[in-house]
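Asks: This is the structure, below, for whatever I ask next.
The values are calculated or read from the model by the stated rules, or taken from the named source; none is laboratory data. Since we're looking at a predicted model, the values are computed, not measured. We place every Cβ from the backbone using ideal geometry, glycine too, and count neighbours over all the protein chains shown. Only protein heavy atoms, including side chains, enter the accessible area calculation; ligands, DNA and RNA are left aside. Shrake-Rupley method; radii C 1.70, N 1.55, O 1.52, S 1.80 Å.
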Amino acid sequence: QVQLVESGGGLVQAGGSLRLSCAASGRTFSTYAMGWFRQAPGKEREFVAAITRTGGSTYYADFVKGRFTISRVNAKNTVYLQMNSLKLEDTAVYYCAADPLSSYYNTGWNYWGQGTQVTVSS
């Protein structure tokens, strides 16, 4: 069992940056792959990025490649999402997730945080 708490969301102008953090409870953080998803109003939740247990490999949705970076510090039980060059369409609730059941790219993950709102304004 792991509990996830996201932070770092807020209001930012288009072109700006934000860094999201996700703190995990428990001593087994390093055994979980971690991911970030987002859900905009009226849309389904979608994959944003994922990182393997050691941080050796990362995966991104095409719409964030080159703009977002996922990273983790296992000693701090924390995963990050650095978001640069933000666009209006990045506005969504961003969720942290742990331990994918199968593919990183779908929403079948075991554990979820409560989400943090990111709003990009013009």
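Asks: For labels at GLN3 and GLN39 in the simple 7 Å Cα→Cβ model, what's the distance in nm?
Replies: In this crude spin-label approximation the distance works out to 2.1 nm.
Asks: Additional query: When only C-alpha pairs under 8 Å and at least 6 residues apart count, what is the relative contact order of the range 20-109, in percent? List each step's numbers first, then the result.
Replies: Working: 157 pairs, mean separation 31.8, N = 90.
Answer for the range 20-109 is 35 percent.
Asks: Enumerate by residue number the trypsin sites (Lys or Arg not before Pro) in the range 59-122 meeting two conditions: DSSP loop (anything except H, G, I, E, B), and at most 16 other Cβ atoms within 10 Å of the site's Cβ.
Replies: On the way: sites: LYS65, ARG67, ARG72, LYS76, LYS87; in loops: LYS65, ARG67, LYS87.
Sites meeting the loop and neighbour criteria: LYS65, ARG67, LYS87.
Asks: Sticking with this one: Trypsin sites (Lys or Arg not before Pro), restricted to the range 1-46: which are DSSP loop and have at most 14 other Cβ atoms within 10 Å?
Replies: Details: sites: ARG19, ARG27, ARG38, LYS43, ARG45; in loops: ARG27, LYS43, ARG45.
Here the trypsin sites (Lys or Arg not before Pro) that fit, given the DSSP loop and packing criteria, are ARG27, LYS43.
Asks: Another question about this same structure. Using a 1.4 Å probe, what is the accessible area per residue for the chain, in Å²?
Replies: On the way: 6130 Å² over 122 residues.
Per residue, the chain has an accessible area of 50 Å².
Asks: Can you send over the carbon and sulfur percentage of the accessible area for the chain, probe radius 1.4 Å, protein chains only? Each step should come with its number before you reach the end.
Replies: Values: 2860 of 6130 Å².
Solvent-exposed carbon and sulfur of the chain make up 47 percent of the total.
Asks: Grab every C-alpha pair in the range 13-72, bin the distances at 10 angstrom width from 0 up to the longest one, and report whole percents.
Replies: Here the calculated profile for the range 13-72 is 19, 48, 28, 5.
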